[in-house]
Structure formats: structure tokens, C-alpha cells
1. Counting only protein heavy atoms and using a 1.4 Å probe, what share of the accessible area of the range B:61-122 belongs to carbon plus sulfur, as a whole percent?
2. Taking the Cα-to-Cβ direction at A:ARG9 and at B:THR25 and moving 7 Å from each Cα, how far apart do the two end points lie in nm?
3. What order do B:THR169, B:THR73 take when sorted by accessible area (1.4 Å probe), most exposed first?
4. Along the Cα→Cβ direction, 7 angstrom out, place labels at A:ALA226 and B:THR99. What is the inter-label distance in nm?
5. Report, as an integer, the average count of C-beta atoms from other chains found within 10 Å of each Cβ along A:241-250.
6. So how much accessible surface do A and B hide from each other in total, probe 1.4 Å, in square angstrom to the nearest 100?
7. Using a 1.4 Å probe over the heavy atoms of the protein chains, calculate the carbon and sulfur portion of the accessible area of chain A as a whole percent.
8. Show me, for the range B:71-79, the HN-Hα J-couplings you get by feeding each phi into the Karplus relation (A = 6.51, B = -1.76, C = 1.60, θ = phi - 60°), rounded to Hz, glycine and proline as x.
Amino acid sequence: MPRRTCGNRAMIWALRLGLMAGVVLLWEWWAPGGLLPTPGQVWHAGIGLAAEGRLWRAVGDSLSIYVAGMASAALVGIPLGLAMGSFRLFGRVVDVFVFALAATPRVAFIPLIIVLLGLGFQAKTFIVFLGAVMPVVLNTYAGVLAADRDLIEMARSTGAGRGRIWRHVVLPGALPFLATGLRLGATIGLINTVVAELYTAVRGLGGLLAIYGNTFRMAEYFVIVAMLATIGVIVTEAMRAVEAHLSRWREER
Amino acid sequence: MTHIRIEGLGHAFGAVTALDGLDLTVRRGEFLVLLGPSGCGKTTLLRMIAGLLEPKAGRVLVDGHRPEPGHDTAMVFQNYRLIPWKTARQNVEFARPGTDVSGYLEMVGLSRFADAFPGALSGGMRQRVALARALAAEAPILLMDEPFASLDAQTRELMQGELRRLIATRPSTVVFVTHGVDEALALADRIVLMSPRPGRIAEEVRPGPGMREYLWQRLREMVLNDPGSDFYGREG
């Protein structure tokens, strides 16, 4: 990795941490007594929840639902998007339904999901899956459709067959799109994890959010919000790193 | 001995006739240049010789059969068409899977840049990689579609010399498309002048004294007689 990029990244992280410190300080100074907890109170509540083990159990519950939902979304979304892009007739027949499903708020399906799958792990995982799968399918589909026609003709000029062209030109060209789809899906998946835990059996971080919110224990409430934000940042940054790795050839002279 | 035979070739894109009743033969080992203004069907003709485009009329025969891309022909494109996520070596290997292509990279003077991605190479270097890829195919016919058009004048001249040197080392038939008169005269054994809309063969000439002025004059006439035509007038 070039030294300049490393330096830029360190500077960006330093600025991010500085901004966060500034917000925390402002919050500490501004927080109206009684209504909002101070950052210090949130910190102490966090230490308490972590020591009891309740926070980690909730994180474990939420992550298991999140990972299962995301893995299902990737396992279904990537092959479906690739098939839709590669087999044009199939893609044209199916895409209107995918677009319709993507445009419908997923919350609308929750009662149906509860009726069919109950209130447990399966239902929660399915809600996460339903949110995450759409960006994965649509971005993978778009990536295959965006395959460079000039490169395909070049590949044909070397005598390459359809399979070889697909492996060496179409699929690698779609990978950055696919990674973007996974990143967007990961963000929506995390939101849907909380939604699933609020609407079905109250468990995990979403469950704690409901409990502390309804009882106005705002210090604990903010601990859960901060934990969700931290998970979101870790997942997004990891996905960005994957995207950057897949696009490393884009560096121009 | 005839290597490529083109008989009554015609093609249209929608309502636009690109080629009409074109007959041409290319001898084995000949360096043929197709010269003409933009839009006269040079690239369309080249793609048909490569077997990449099916003619709507007539036929192209290579040694008496339909051309097979990669086997009978190898092509160098104007805009390089390198696979951006593959290194220079991997791009060359694409034309010849499972083979050590170091020799081809050495031929074009790019051994030191074998592991560089195309994005990190200059225009001239990218075109050398594209040339190495076409050479690696070891096809008897090399088709070149304005390969040096996007290079600066100095690099273009250098690449023309390199191409001549590389062609001399191997028995290849070359069909080279350009709209640069000087480039055509520098490279060709024979120049086929094409007229636009629809693309037809206007004249065949051999490089020689006085030919530069003559070809410029002919091209100028073609452009003036066809307002839709376009000639950049580069000293290519």
C-alpha cells in the first residue's frame, strides 16, 4: 500500500476521533440535567451492563441473527443477481418482481412472517434476510449488465468461449458492484436486526433498546445505541476494505 | 498465394449501409493498409475478417474457410482493450492460457512491467501489452484497428518502427486500419483506399514517390463530396 494512502487514512481517523471527542465534550457541557444522560453516565451504565454480562448476551443474540440473515442474503442474492444478469431472458422476466419487492417497505411483511415463522430465530433471520438481499441482488445484477462490451469483444477475438469470458471479464467486472451491494445490504441488515427484535420476541440489542426506552433508562438506552453504531461502523469499514481490495487495480498513473 | 478472400461483402447497421459489395484479396505475408475517412467501414470490415461480426451479405474466407477468432486471426484495438484487473502478464496470458508469455513481453520491451496493472502504464506501454497479447495468440493474421491513433506523434513513430521489426521476425499477414496517410505509407506493402457511405474500395495503390500528395488529395475529395464524412487530417 502506498505510504501516502496510509498517511491519509491515519489523518482521516485522527480527524474522525477528534470530531467524536468534540461532540462528546459538547454533549457533556450541554446535556440538560434529568432529560439526557451525560457521556460520563452513559460510560458508567455501559461498564455496569458489560460487567453483568447482559450487554454481551444481547450482542451475541443480535449478531447471530444478523450474521445468519446476511449469510442467507449473500447466498441467495449473489447467485440470483448473477443469473439475472447472465441469462437475459430470465433477468428481464424476474427483474420487475425484484424491483417491486425492493420498493415495498419490508415492515409490511412482518405480520405475515410472524404468522408463517413465529417469533423466534427463524422469523428474525428472515426479516434481516429480506432487508439485506435486495441491494445484493440489484447491485450484482447491475454489475453483470455493466460488463464492458469492448472487453467482451476483445475476449472473443482471442477465441475465448462464453465460460472463459464470464469468468475472466464479466464476473471480475461485477465484483465491485457486488461488494457495494453487500455493504448496503449489511447496513440495512443491521437496521432490520433491531426492527426484528422490536417486532418479534423482544431479545438482543433491539430488545434492550425497547426495554430501556420504555422505562426511560436513558443512560442504558444510549449504551445500546452506541453499541449498534459501533457494530455498524466495524461492518461498514470491513466491507469498504473488501471493496478497496477488489478495486485495487483502479489506481491510475 | 491468397490468404484472405473477401467476396461481395455487405453490411448495414439499421438503415445505414456500412459496406456494400466489397471484394478484396490479401496475399499471405502481405502488409495491407486500409485507408479512408472516418465512417467508411474500415473497422466493420476488420471485425468481419476477425470473425467478430457476421456479414449480412457476401463472405470472408481465410485459407478457404470462415475465420476463427484467436486461431486464424489476432486483433489489436485502438483503445487497447486491456483487462484492467489483470496485470500486463495476465493480459498477455489471456490470449495464450497456460503458457509462459515472458518472451512476448520481452519482445515489446515490457519485461520490467509484467506485474503492473494497465492503469499504471502509459498509453504507449498499454498498446505494447495489447500488441504482445496479439502476438502471443500466434495467429497467422494480425488485424490492427488504428492501434496507434491515441498515441502522441513521437510514440506513434516509435511504435510503427517496433511493429515493422516484430513483423519481420515472423511470417504474418497484416491488415492495418488507419486514416493517417503517412502511417499508411510508412507501413504498407499495399494500400486500399476506401470511400464512405457505403464503404467501398475506391482504389488500390502501392507506396512510392508522389503517393503522399496523391492520397491526401483523394481523401480531401472524398470528404468534400460526402458532408457526413470526417477526416482528421492528422499527419499519421
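1. Details: 1280 of 2710 Å².
With neighbouring chains kept in place, the figure for the range B:61-122 is 47 percent.
2. 6.4
3. On the way: B:THR169 100, B:THR73 0 Å².
Final ranking, largest accessible area leading: B:THR169, B:THR73.
4. 6.4
5. Mean partner shielding for this stretch: 2.
6. Working: alone 15090 and 10620 Å², together 23630 Å².
That pair hides around 2100 Å² of surface in total.
7. Numbers: 9860 of 14020 Å².
Within chain A, the accessible surface is 70 percent carbon and sulfur.
8. Karplus values, whole Hz, x for Gly and Pro: 9, 8, 10, 10, 10, 10, 9, 4, 9.
The values are calculated or read from the model by the stated rules, or taken from the named source; none is laboratory data. Just so we're clear, the structure is a prediction, and the values are computed from it rather than from any experiment. FYI the Cβ positions are ideal-geometry reconstructions off the backbone, even for glycines, and counts take in every protein chain you see. SASA here: full protein model, heavy atoms, side chains in, ligands and nucleic acids out. Shrake-Rupley method; radii C 1.70, N 1.55, O 1.52, S 1.80 Å.
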